[in-house]
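Only one structure is covered here, and it is reproduced in the block below.
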Amino acid sequence: MSMRRSQLLSLCFPTSLVAQMTILLLSLYCFSAPFMLVTYFGWGTFVPAAVVTIAFFGINEVAIEIEDPFGLDENDLPLDQMDIWTDVRAEMEPHELAEYPETGMFIHGLYMEGARWDAKKMAIADSIPKELHPVMPVLHVQGKVHGEYSKDGIYMAPVYTTSMRGPTFVFASTLKSLDKINKWVLAGVCLLMNDE
């Protein structure tokens, strides 16, 4: 019984088999390369064969590292030890920014509910009457490893997609507070992605 083309295309090989076949074929090619190059380089075949071997095995190692950058190896990122950290910028609009951040990203278009952002003190402040959802300045969002920062005076403000809380939770942002954190918790201060 022959397999159909669609069955062959959907056939999934185990990752370990693919990795072993890659190493086997790479080794076979690197072993046979000197025999192919000897007619061109003579006794100097060793140099291009070594370069080809180092290049191919190096590319393979880079591919293996890129395939899974998180883990416990020396060059891996400690994903299980990382938190989202937000720094509020002075700029209100993204076009006011001079350059892209080295790490993380800038986000804008968020609104605050239950309080406001004081641009002079660079901290959360009491809301102004009749100002329901004041616009937030640009935020610099990045990942930081535990221990690289202090949470003293930081309010972990939940970010929601809409004013309906619960299932619309996205992440917790870190906002500087000059008052006690409990004040903002009791006020239900949060950031919204949509001003409804």
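Observations on the model:
- Under 17 Å of direct C-alpha separation, and excluding same-chain neighbours fewer than eight residues apart, Lys120 reaches these lysines: Lys176.
- Each Lys and Arg adds +1 at its Cβ and each Asp and Glu adds -1 at its Cβ; summed about the Cα centre, the chain shows a dipole of about 460 debye.
- Karplus 3J(HN,Hα) series, Hz, for the range 165-180 with 6.51 cos²θ - 1.76 cosθ + 1.60 (x for Gly, Pro): 8, x, x, 9, 5, 10, 7, 9, 9, 9, 10, 6, 9, 8, 9, 5
- Rounded to 10°, Cα long-axis angle of helix 46-67 versus longest principal axis of the chain: 30
- Helix 15-41 and the longest principal axis of the C-alpha atoms of the chain enclose an angle of approximately 50°.
- Most fluctuating residue given options Thr168, Thr103, Thr45, as computed from a GNM of the chain linking Cα atoms under 10 Å: Thr45
- Counting beta carbons within 10 Å around each of Arg165, Arg89 and listing the fewest first gives the order Arg165, Arg89.
- Correct option for semi-axes √(5λ) of the Cα gyration tensor in Å [calculated from the coordinates] among (1) 55, 22, 16; (2) 28, 26, 13; (3) 29, 17, 16: (1)
- Between Val185, Val138, Val159, the Gaussian network model of the chain with springs among Cα atoms under 10 angstrom shows the greatest mean-square fluctuation at Val185.
- Between Gly166, Gly153, Gly104, the Gaussian network model of the chain with springs among Cα atoms under 10 angstrom shows the greatest mean-square fluctuation at Gly166.
- Charge dipole (the chain, unit charges on Cβ, about Cα centre) - positive-most of Ala172, Phe56, Ala125: Ala172
Bear in mind that the values in this text are calculations on the coordinates, not laboratory data. As the structure is a computational prediction, the values presented were derived from the model and not from experiment. FYI the Cβ positions are ideal-geometry reconstructions off the backbone, even for glycines, and counts take in every protein chain you see.
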